[in-house]
1. Please go through (1) at pLDDT 95 or above; (2) crowded, with 22+ Cβ neighbours inside 10 Å for residue 328 and return the number of the only condition it doesn't satisfy.
2. Is at least one residue of region 211-232 part of a strand (DSSP E or B) and touching a helix residue (DSSP H, G or I) at 6+ places or on another chain (Cβ under 8 Å)?
3. Being touching a Phe, Trp or Tyr at 6+ places or on another chain (Cβ under 9 Å) and not in a loop (DSSP other than H, G, I, E, B) is the filter here, so list the residues in region 278-327 that pass it.
4. In this structure, is residue 287 in contact with a Pro (Cβ under 8 Å, 6 or more places away or on another chain), more than 30 Å from residue 88 (Cβ to Cβ) and within 16 Å of ligand 2 (Cβ to nearest atom)?
5. Only residues that are within 14 Å of ligand 2 (Cβ to nearest atom), modelled with pLDDT of 90 or more and of a type in the set (A, V, I, L, M, F, W, C): list them for region 338-371, please.
6. Of all the residues that make up region 64-83, how many are more than 25 Å from residue 53 (Cβ to Cβ) and surrounded by 11 or more Cβ atoms within 10 Å (Cβ to Cβ)?
7. What number goes with the only condition from (1) within 16 Å of ligand 2 (Cβ to nearest atom); (2) surrounded by fewer than 22 Cβ atoms within 10 Å (Cβ to Cβ); (3) closer than 30 Å to residue 88 by Cβ that residue 313 does not pass?
8. For region 302-317, which positions are among the hydroxyl-bearing types (Ser, Thr, Tyr) and more than 8 Å from ligand 1 (Cβ to nearest atom)?
Amino acid sequence: MAAIDYCVEIVKPRQSTQDLTLSEDLNHWKQSPYVINHSVYRPFTEEHIIFARMLNDPSFADYQVGVHAHLEEVFRLNKKGYSRIDEALSSASWTVYDHFTEAFSWKKLNASIDARFDVELEKPADIKVIIDDPHNMTKIVKQAAKAFGAALVGVCKLNRDWLYTHDRQGNPINIPDHIENAIVVAVEMDLEALQTTPAFPGAFATGNGYSRMAFIQACLAEFIRGLGYDAIPAGNNIGLSVPMAIDAGIGQYGRHGLLITPQFGSNVRICKVLTNLPLVPDKSINFGALDFCRTCKRCAEACPSQSISYERDPSWSGPTISNNPGVLKWYVNAETCYHFWTINGNDCSVCITSCPFTKSRHSLHCVARFFIKHFPLLNRLWVKIDKWLGYGKQRNPDVFWNERKEFILKY
Ligand code: SF4
Ligand code: SF4
């Protein structure tokens, strides 16, 4: 998709979130990827995300209640897609993300034993490759990311407003000043498996996406270090992935609080590599998601915990401390969302699969996307057609174990 001129709009400072002119701000948003009220917005701490609060915040209703807390009860219900086999599969899919901690290393990885020759692999001392054509370097980095498995890659200047001030344990995060760029990678998930959500094969698709993220971010970071530059790879840690992906021209915000991409809808996981490698940033894109979300609400209707706003227009703040105020968007109640996960015995992606943008790249879907971008007056009709055709419904979890299921993800 061709990038259009679409730059960050910063509204005039206000005394509080009460003093608003929403129609004016919505107009700002139509011409910019997001609108920020800098008199309210402050960089967020990762301590306030729901998975940190579950561990450390006694005021949270599900404090120290793990996602798997009620698994035995869930197994006893004997529901399709909720067996011990399904659970073992979904847990195993996280293996690389959870255990390959080197994927998050800020430093070049140690020399390894090369199994082929059984000797310690000596690498030449790192000599900085001189980059006199950042445009070409940007192409090379994107090609490398795709070779490692990225579905989409974008580059942006690092906006430090999106960095967490502290990690989940409360340690300050200090990204060195010379790190100026972010390479943002979207990893496609197994859509067929995801569509069985909230059954456990859907959670497999999530975990598998995260593990592939860990692989890609680690390889991409090592590639950059091999050129003599610094690289800080991250999954959900270090900073907010969605606004970085928006800055990098990969997608737009959705009502469900997730990224929507033109190619894969929300069927992506996002990782990033922060670096001082000289690169040329992409431009943000606008394919009509804001207007479509104002009409659609399919994710809000489908959400089993009713955690997503039904309000036509976005707002400036959300219902819990896991919401950081000051950005005009729809805020999701992460507390009720997480509570559903604990009852379900695993994570949930219903808001991803119910989104009309989350579809294959079939030519008819591309026609719909063209109309959404250029003729927003027809949005209501597209939402009706989407419902009428039965999109967004849960797929029978048995599909996952069918021998004819294909597992090769197309990049
Ligand atoms: S993950 Fe599930 S419960 Fe949470 S907001 Fe999305 S649809 Fe609702
Ligand atoms: S389901 Fe509809 S309202 Fe929700 S994010 Fe997708 S397009 Fe927006």
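The values are calculated or read from the model by the stated rules, or taken from the named source; none is laboratory data. Source: prediction; values computed, not measured. Counting neighbours? That spans all protein chains shown, and the Cβs are built from the backbone with ideal geometry, glycine included.
1. With respect to (1) at pLDDT 95 or above; (2) crowded, with 22+ Cβ neighbours inside 10 Å, residue 328 is out only on (1).
2. Pass one, region 211-232, residues part of a strand (DSSP E or B): 231-232.
Within this subset, residues satisfying the condition of being touching a helix residue (DSSP H, G or I) at 6+ places or on another chain (Cβ under 8 Å) are 231-232.
Yes.
3. Scanning region 278-327 gives 289, 290, 292, 293, 295, 296, 298, 300, 301, 315, 327.
4. yes
5. Listed by number, the residues that qualify are 350, 351, 352, 355, 357.
6. Number satisfying all stated conditions: 6.
7. Residue 313 satisfies every listed condition except (3).
8. The answer is 309, 310, 315, 317.
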